[in-house]
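> My questions will all concern the structure given below.
The values are calculated or read from the model by the stated rules, or taken from the named source; none is laboratory data. Everything numeric here is computed off the predicted structure, so don't read it as measured data. So basically every Cβ, Gly included, is an ideal-geometry build from the backbone, and we count neighbours across all protein chains shown. These area figures cover heavy atoms from the full protein model, side chains too; ligands, DNA and RNA do not enter into them. Shrake-Rupley method; radii C 1.70, N 1.55, O 1.52, S 1.80 Å.
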Amino acid sequence: MVDKPAVVDAYKVEGKVDYDQFARTYGLKLIDGELEKRIEKYAGPLHFLLKRRIYYAQREMGWLLDEYEKGNKFYIYTGRAPSHEMHVGHLLPFVMAKWLQDKFRAEVYIQIPDEEKFLAKDAPEPDAMKSLAMDNVLDIIALGFKPGLTKVFLDTEYAKTMYKQAVRVSKHITFSTMQAAFGFGNDSNIGKIFYTSMQAVPAFLKSVQEGKNVPCLIPLAIDQDVHFRVARDVIGKLGYYKPASIYTKFLPSLDGLAKMSSSDPIGAVYLNDDPETVKKKIGKAFTGQQATAELQRKHGGDPDKCVVCQYYRYFFEPNDAKLKKILDGERSGTLLAGEHKAHLAEAINAFLKAHRAKRERAREKLDKFMMRD
Ligand code: TRP
């Protein structure tokens, strides 16, 4: 059977994603040794997400670092549209944003488009989603963003600032461009057609606010690129720098499919799953191991297919030597599924416990982070 081609767009990710093909199709450059060295020159040892090529592709990083070398510091922009509680996979852009903030002392803008999933999916109205949105913000801030160097905003609360800029973007985007990029048609509501203009704004907002051009770097998952493919040229036309970006792959879902999906709660570990739920979910995770321990010992497994291995690689084992031991154990057949999963569940539960404590502490300083009109 031939696999159906994967779908990767802003509102649907399905099937087995071919990341290199995605990069070729849309003209992303792969992250290579040369870029690694340039980043390391300023940041020190690379974050494991870059080293392991989970962040694997980029636009304009060469330019961004040229500017940095000239003393032209960049800021970072990423975001999260609330619709559900967050799962571990949702943290990947924010983990990178936080690392970049620390290493480059960069300011971070975080957009919480609380209208996006209402317009594009079936999420409730922004007001009804406010507490969920603020919960998402706590999960993000809990990663350790610096107050004073981090600005978070809900679109509906920062609307006066955002709208003024969004209309400038929208004037340069035609319906036919949006139709071609997103597959919109005559039956698409006009809110989601406009929305891309809102997502474009924080990529140049700091330049507006400072009255001079400031380079911007966006860490994002590949499904979000479509907004910026549309917006990049417009941002240039308005006289601002086009943003640079680095792209992460998706944390695989527990059943071994392309992406953790919020609409499939079994496939994802949520940040508020209790220890028992985590154990149960990880217990069902796909490893691809053989039917019996004997066969597994004889034939070994494939760490690239084993979701438990991939969870360590993406998130739960930052130490390369320890990761290698785990992957070797899977490959050679010495690490059997039961033990493998039990350890991962422990690692996840330890992370979640610490995360929840940080989340409670973040609650107290929430106001230091929020921008409102
Ligand atoms: N559209 C993103 C989502 O569905 C949220 C988002 C807003 C975002 N601005 C961004 C993502 C910038 C990456 C970069 O969650």
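> Go through the range 259-271 and report how many residues are modelled with pLDDT of 95 or more and either surrounded by fewer than 17 Cβ atoms within 10 Å (Cβ to Cβ) or of a type outside the set (A, V, I, L, M) (or both).
Selection size over the range 259-271: 1.
Here's the yes/no breakdown for (1) assigned by TED's automatic domain parsing to the domain that holds Lys249; (2) in contact with a Pro (Cβ under 6 Å, 6 or more places away or on another chain); (3) within 16 Å of the ligand (Cβ to nearest atom); (4) more than 23 Å from Leu205 (Cβ to Cβ):
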residue: Glu60; (1), (2), (3), (4): yes, no, yes, no
residue: Trp63; (1), (2), (3), (4): yes, no, no, no
residue: Ile76; (1), (2), (3), (4): yes, no, yes, no
residue: Pro93; (1), (2), (3), (4): yes, yes, yes, no
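> Could you look through the range 233-249, keep only residues that are charged (D, E, K, R) and out of contact with any Asp or Glu (no Cβ under 9 Å at 6 or more places or on another chain), and pick out the one that is surrounded by the most Cβ atoms within 10 Å (Cβ to Cβ)?
So, considering only residues that are charged (D, E, K, R) and out of contact with any Asp or Glu (no Cβ under 9 Å at 6 or more places or on another chain), the one surrounded by the most Cβ atoms within 10 Å (Cβ to Cβ) is Lys249.
> Could you list all residues from the range 102-118 that are without any contact (Cβ under 8 Å) to a residue 60 or more places away in the chain and surrounded by fewer than 20 Cβ atoms within 10 Å (Cβ to Cβ)?
Asp102, Arg105
> Quick test of your reading of the structure: Ser170 fulfils all but one of (1) away from the ligand (no atom under 15 Å from the Cβ); (2) under 18 Å from the mean Cα position of the chain (by Cα). Name the failing condition by number.
(2)
> Please find, among Asp155, Asp122, the residue that is within 15 Å of the ligand (Cβ to nearest atom), surrounded by fewer than 18 Cβ atoms within 10 Å (Cβ to Cβ) and over 26 Å from Leu50 (Cα atoms).
Criteria check complete, one pass: Asp122.
> Mind listing whichever residues of the range 4-31 are closer than 23 Å to Ala244 by Cα and open to solvent by 70 Å² or more (accessible area, probe 1.4 Å)?
Asp18, Asp20, Gln21, Arg24, Thr25, Tyr26, Lys29, Leu30
> Considering only residues of the range 202-227 that are without any contact (Cβ under 8 Å) to a residue 40 or more places away in the chain and either open to solvent by less than 30 Å² (accessible area, probe 1.4 Å) or assigned to a helix (DSSP H, G or I) (or both), which is farthest from the ligand (Cβ to nearest atom)?
Ranking the qualifying residues of the range 202-227, first place goes to Glu210.
> Under 6 Å between Cβ atoms, at least 6 apart or on separate chains: pull out the pairs that start in the range 300-329 with a residue that is in the same structural domain as Gly288 (by TED's automatic domain parsing) and over 16 Å from Val269 (Cα atoms) and end on any residue that is part of a helix (DSSP H, G or I) and open to solvent by 70 Å² or more (accessible area, probe 1.4 Å).
Gly300/Arg331; Pro303/Arg331
> Please return the ranges of helices (runs of 4 or more DSSP H) entirely within the range 296-373 where 1 or more residues are surrounded by fewer than 15 Cβ atoms within 10 Å (Cβ to Cβ).
Filter on the range 296-373 gives 320-332, 337-364, 366-369.
> Consider Gly256 carefully, then state whether it is touching a helix residue (DSSP H, G or I) at 6+ places or on another chain (Cβ under 7 Å), among the small types (Gly, Ala, Ser) and at pLDDT below 95.
yes
> Oh, and also: Could you check, for the range 177-188, whether at least one of its residues is under 19 Å from Pro82 (Cα atoms), open to solvent by 30 Å² or more (accessible area, probe 1.4 Å) and either modelled with pLDDT under 95 or away from the ligand (no atom under 13 Å from the Cβ) (or both)?
no
> Next up: If you go through the range 72-82, how many residues are open to solvent by 30 Å² or more (accessible area, probe 1.4 Å) and in contact with a helix residue (DSSP H, G or I) (Cβ under 8 Å, 6 or more places away or on another chain)?
So the count comes out to 2.
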